[in-house]
Amino acid sequence: MKIFACLAAATTLLAMAAPASAQFAKPEDAVKYRQSALSVMGTHFGRLGAMANGKVPFDAKAAAENAQLVAVMARLPWAGFGPGTDNDPRSKARSEIWTEQAKFKTAGEKLVAEADKLAAATKTGNLDALKTSFAATAETCKSCHDAFRNK
Ligand code: ASC
């Protein structure tokens, strides 16, 4: 299956998969899920960063594949921040996630929007487009971490 068809199918499945809080047997499962999703996303985002920063040679096909994966993964973590998942000792999540839910939701949506732009940018095969969109996406990571993640 082509990666774009795969993304479309994944998006449809995600839209069907609600409500989030009913999806995990235990709070720790939700924590593990969101951390795993963020970790996989970080791995693929990091590969794009290496290209954007000139640490590895630009490979347009690899960039597009990594960006598609970032766009899919960006949609996943949020379901793992449901009620009762706010006091896991292994989590760096700040209580503001649950006390400022609208702000947190907006931050997640910003990431998804930028990740979609990043995926579109990499389709052009243009390194400058990757650099610009990578920076914009990284800024959404950073601002959300600054507001909602403990050091
Ligand atoms: C990454 C990664 C993050 C973000 C963040 C951007 O590659 O793993 O968490 O970028 O560092 O500021």
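Each helix, a run of at least 4 DSSP H residues, gives -39500 (n - 2.57); summed and divided by the residues of the chain, these come to -23000 deg cm²/dmol at 222 nm. Seen from ASN66, the other residues with C-beta closer than 15 Å to its C-beta sum to a net charge of +2, counting Lys and Arg as +1 and Asp and Glu as -1. Taking every alpha-carbon pair under 8 Å whose residues sit at least 6 apart, segment 21-151 reaches a relative contact order of 30 percent. When the chain is described by a simple charge dipole with +1 on each Lys and Arg Cβ and -1 on each Asp and Glu Cβ, the residue from GLY82, ALA93, LEU48 located farthest towards its positive end is LEU48.
Computed over the alpha carbons of segment 31-77, Rg followed by Dmax gives 11.3, 35 Å. Of the residues MET51, MET41, MET73, the one that moves most in a GNM of the chain with alpha-carbon contacts below 10 Å is MET51.
The calculated FRET efficiency for the pair ALA136 and THR99, based on their C-beta separation and a Förster distance of 30 Å, comes to about 0.65. Considering only LYS110, LYS131, LYS55, the Gaussian network model of the chain with Cα springs below 10 Å gives its largest mean-square fluctuation to LYS55.
All of the numbers you see were taken from the coordinates with simple rules; none came from a lab. These numbers come from a predicted model, not from an experiment. Positions of Cβ are generated from backbone atoms using ideal geometry, with glycine treated the same way; all protein chains shown enter the neighbour counts.
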